[in-house]
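Everything on this sheet refers to the single structure shown next.
Here, each number is a calculation from the coordinates, and none is a lab measurement. Just so it is clear, the model here is predicted, and its values are computed rather than measured. Positions of Cβ are backbone-derived with ideal geometry, glycine not excepted, and every protein chain shown enters the neighbour counts.
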Amino acid sequence: MKAKLEFDLNEPDERIEHLRCVKSLDLALATYDFINLLSEIRKKEDAMDKDMTAKQLKNFIDRRINEIIEDNNINIHELIN
């Protein structure tokens, strides 16, 4: 199975669509790194402080990340593998 995308790079809207396509791997990798960074921060935070406010913040971050990923129909593993 093959797919072919074609863009008229003289058209501003299509130039933007083309850029979004060619930068999609970068977006996926940056998002993946961002998720890993937040995970590292949460581990350090948990080890340093058991404060309820910190846990609430962690839950908020987890919820927002999941909402953003779901709202944008992003499957990170599908995009980077």
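Table for the structure above
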{"item": "Ranked by how many other beta carbons lie within 10 Å on average, peptides 25-31, 58-64 from highest", "result": "25-31, 58-64"}
{"item": "Theoretical ellipticity at 222 nm over the chain - DSSP helices of four or more residues, -39500 (n - 2.57) apiece, nearest 500", "result": "-24500 deg cm²/dmol"}
{"item": "Label corresponding to semi-axes √(5λ) of the Cα gyration tensor in Å when calculated from the structure given, among (i) 36, 13, 11; (ii) 25, 13, 10; (iii) 28, 16, 11", "result": "(i)"}
{"item": "Angle between the chain longest axis and helix 24-48 axis [Cα atoms, degrees, rounded to 10]", "result": "0 degrees"}
{"item": "Rounded to 10°, Cα long-axis angle of helix 52-71 versus longest principal axis of the chain", "result": "20 degrees"}
{"item": "Segment Arg42-Lys55, length gained on full extension (0.36 nm per residue, minus Cα span)", "result": "3.8 nm"}
{"item": "In nm, spacing of pseudo-spin labels at His77 and Ala3 (7 Å Cα→C-beta vector)", "result": "2.0 nm"}
